[in-house]
Amino acid sequence: MVDSLPANVPPFRFQPERIFWVDTDFDQVVSYGQLFFDLANTIKNRLPPGDVSVYSGLVEWLAAIVSGQPKLILPSDSQGNMKAELQWRVQTSDCIEPLEQLSCGEMALSQWQSMILNSPTRVLLTTSGSTGMQQQFWHSLASLTRGVRMDSKHRQDVWGLAYPLNHLAGLQVLFQALLNGNRLIRLYGQSIDLIHQNLADQQVSHLSCTPTFLRLLLSSNHVHSSLMRLTNGGERYDSQLDAHIVRMFPNAERRNIYAATETGNLFSSDNEQFKVPDTMKNLLKIMDGQLWLHRSLRQPQVEETKESESKEKETKQLEKNQTEHLKVSPAASTSEFASTPDPATEFWPTGDRVEIVIEEPLTIRFLSRTSEGFNVAGNRVDPLPLEQVARQHPLVVDAKFYGVPNSVTENLVGCDLMIDPQGSQNWDEPTFRQWLQSQLERHELPRFIRLVNQMPMNRTTKLDRR
């Protein structure tokens, strides 16, 4: 919610030199004054700043939002492409003067917040497709900013951006920073050393990332005392990380989030167990160990939007036919337009396997994705528990288990390992295999082990299992 200040307290105004964006890859340090100036010029000319930086693409996106363009289709890849699909359809002159005033420090933060929060723009996001096909969903600014906290106590926060901006979590971090006048430091896509340098040099206080991204950071011996809040999401949280987090981020409060591109944020917790709010109990079901959510929680999908528009056209045509006295029977009309819920489609599967930890109050733990397992000689293998076991070894930083197709057993188990560089000289594969034999079933043991410098990540910085 927007700040509510006593009448005698002046509203917070942007200082033009206040830093908004830092991107060491492009040697960019951009102030809020420059951001507002670039937004005004982009809206005037309908062209963003003339370079290929992440910032240039971001300016175009924000210009579309503050000028109230109806649709913004964000790119779906992670290869640095920031070019959105955008058609300028709305007259935009009304927002230019306020942006110019903001660039000179002549308008309050609350007026900038209103330009974002009151925008009618719908934003199309694409799911990561980390374990299946990608899907696209429409989001309003209300759904994208649902979890944003706007308060004077957040005014000095410095955010590390560990997600690409064309991902739901990246946009949530962006709006949290933008709506509080915070500094935003780009971290994703950079080397481990550069990430640590940025965390230290910029005194980052807030970081949101996946456990895979976090393990990448924890493979070094850096300590970042400036970090006050660490949020994890996108993958199952691994409690084995706790001791490493305390070492690297000794002052950080930790939060675990369950969110999806289809829904936005749903649950939060300070550990791997999620207590389901009373208001949510009737909106979820757990069937055969899988989480199902009520369709009212899901954002409109592209196909659904097209179908809705098509039905709307059909409805208008039928209404027109009726006014022209064409023969449309009441019975046919009723059955055509009646909205009778189908119990079979009230809930949709998330693809997440969960277990109930406590019945009352309902508390659940996420186990894995239903599509992540594979068969070995008639036995179902879930890679996540195997990876958790492997990470317990003192030399293993991260692990990835996967199926390698085989004509006899359907699959053999393969394993990629990221070894602690400080102890790599002590690594011995036969010793590790012997250690695993005491931890895993025979069909779970890897036939192939490969050492890697870094785990593959998809565009949303989750572990890429494809």
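The values are calculated or read from the model by the stated rules, or taken from the named source; none is laboratory data. Only a predicted model underlies this, so the values are computations on that prediction, with no experimental measurement involved. We place every Cβ from the backbone using ideal geometry, glycine too, and count neighbours over all the protein chains shown. Just the protein is used for accessible areas: all its heavy atoms, side chains included, with ligands, DNA and RNA removed. Shrake-Rupley method; radii C 1.70, N 1.55, O 1.52, S 1.80 Å.
Annotations
- With all protein chains in place and ligands, DNA and RNA left out, the 1.4 Å accessible area ranks Ser191, Ser269 as Ser191, Ser269, largest first.
- Take the Cβ atoms of Ser407 and Val52, set R0 to 60 Å, and the FRET efficiency comes out at 0.80.
- Amide H contacts of Ile419: Val397, Val452, each under 5 Å away and 5 or more positions distant or on a separate chain (H built 1.01 Å from N in the peptide plane; Pro and chain starts excluded).
- 12 Å beta-carbon shell around Leu194, net charge (K/R +1, D/E -1): -3
- Separation of alpha-carbon centers, the range 211-267 and the range 349-369, rounded to whole Å: 20
- When you filter the GluC sites (Glu not before Pro) in the range 348-388 for DSSP loop state and at most 12 other Cβ atoms inside 10 Å of their Cβ, you are left with Glu359.
- The simple spin-label model puts a point 7 Å past each Cα toward its Cβ; for Ser93 and Ala142 those points are separated by 3.1 nm.
- Inter-label distance, nm, simple model (7 Å from Cα along the C-beta direction), Asp193/Gln134: 3.2
- Rolling a 1.4 Å probe across all protein chains gives Val158 an accessible area of roughly 20 Å².
- Solution diffusion estimate, µm²/s, Stokes-Einstein, the chain, Kirkwood Rh from C-alpha pairs, 20 °C, viscosity 1.002 mPa s: 86
- Estimated vicinal HN-Hα couplings, Hz - the range 158-164 in sequence order (Karplus 6.51, -1.76, 1.60; Gly, Pro = x): 10, 9, x, 9, 9, 10, x
- Restricting attention to the chain, close to 65% of DSSP beta bridges with both partner residues there are antiparallel.
- Cα centroid separation, the range 407-428 to the range 436-458 (Å): 4
- Derived scalar couplings ³J(HN,Hα) [the range 202-218; Karplus, 6.51 cos²θ - 1.76 cosθ + 1.60; whole Hz; x for Gly, Pro]: 8, 6, 4, 9, 9, 9, 10, 7, 7, x, 5, 4, 5, 4, 4, 5, 6
- Based on protein heavy atoms only, the chain ends up with 49 Å² per residue of surface accessible to a 1.4 Å probe.
- In the complete set of protein chains, residue-level accessible area for Arg353 is approximately 90 Å², probe 1.4 angstrom.
- Length gained on full extension, Lys275 to Glu359: 29.2 nm, using 0.36 nm per residue less the C-alpha separation.
- Between the C-alpha center of the range 126-204 and that of the range 54-114 there is a gap of 17 Å.
- HN-Hα J in Hz across the range 362-369 - Karplus 6.51, -1.76, 1.60, θ = phi - 60°, x for Gly and Pro: 4, 10, 10, 10, 7, 9, 5, 8
- The chain - percent relative contact order, Cα under 8 Å, separation 6 or more: 12
- Of Asp382, Asp23, the residue with the largest accessible area leads and the full order is Asp382, Asp23 (1.4 Å probe).
- P(r), alpha carbons of the range 370-466 - 5 Å bins starting at zero, rounded %: 2, 13, 24, 25, 19, 12, 4, 1
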